[in-house]
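Below is one structure; the comments refer to it alone.
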Amino acid sequence: MNSEYVLRINTDKEKYNTLSSLLAVVPTSTRVYWELSINESSNLYTKAINYFLELIENNIERLNQSGIKKEDLSIWYLYEYEEQCNMEFQPDELKKLGDSGITLCISCWKK
């Protein structure tokens with residue numbers, strides 16, 4: 001893995017199945033958090049932030065009814081690098097993310 005985007009939802013494990021049904025997606029991990037990952041090999045990779053935001057926006061009322069608050073949601077960018085660490089985000093994506101109130105987390109580490 002060189003990089004991936006992850007939608008992370010911090011909630012009780014008892015809600016994981018409900019959350020998966022509500023969002024109509026299969027999580028990629030449920031070890032500590034409910035997580036949905038999009039890696040570099042996915043067609044959604046270059047649109048991952050927008051994809052996650054649309055998924056949340058289209059289901060925000062049901063998420064709230066299930067006890068999921070915006071503070072429980074975060075989008076992560078994970079990046080493993082060898083020589084130099086560079087990243088770029090589109091202004092419209094960052095504006096939309098900022099307007100949504102969802103936290104963007106970036107984690108980089110040397111290979």
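The values are calculated or read from the model by the stated rules, or taken from the named source; none is laboratory data. Since we're looking at a predicted model, the values are computed, not measured. When we count neighbours, we look across all protein chains shown, and the Cβ atoms used for this are built from the backbone with ideal geometry, even at glycine.
Of the listed requirements (1) within 30 Å of residue 111 (Cα to Cα); (2) polar (S, T, N, Q); (3) surrounded by 13 or more Cβ atoms within 10 Å (Cβ to Cβ); (4) in contact (Cβ under 8 Å) with a residue 24 or more places away in the chain, residue 28 misses just one: (4).
Per the conditions (1) of a type in the set (S, T, N, Q); (2) more than 19 Å from residue 103 (Cα to Cα); (3) surrounded by 12 or more Cβ atoms within 10 Å (Cβ to Cβ), the sole criterion not satisfied by residue 10 is (2).
Within the range 31-55, restricting attention to residues that are under 24 Å from residue 93 (Cβ atoms) and free of Cβ contacts under 8 Å to residues at least 24 places away in the same chain, which residue is surrounded by the most Cβ atoms within 10 Å (Cβ to Cβ)? This residue is 51. Taken over the range 80-97, the residue count meeting the criterion of being farther than 20 Å from residue 53 by Cα and surrounded by 14 or more Cβ atoms within 10 Å (Cβ to Cβ) is 2. Checking the stated criteria, residue 3 turns out to be modelled with pLDDT under 95, out of contact with any His (no Cβ under 7 Å at 6 or more places or on another chain) and surrounded by 13 or more Cβ atoms within 10 Å (Cβ to Cβ).
Could you list all residues from the range 57-109 that are farther than 29 Å from residue 15 by Cα and either of a type in the set (Val, Ile, Thr) or in contact with an Asp or Glu (Cβ under 7 Å, 6 or more places away or on another chain) (or both)? Matches in the range 57-109: 109 only. So is residue 74 touching a Ser or Thr at 6+ places or on another chain (Cβ under 6 Å), touching a residue at least 60 places away in the same chain (Cβ under 8 Å) and among the small types (Gly, Ala, Ser) or not? Answer is yes for this residue.
Residue 107 meets the stated requirement of being of a type outside the set (A, V, I, L, M, F, W, C), surrounded by fewer than 11 Cβ atoms within 10 Å (Cβ to Cβ) and assigned to a strand (DSSP E or B). Scanning the range 48-84 for residues that are modelled with pLDDT under 95 and closer than 11 Å to residue 5 by Cβ returns a single hit, 79.
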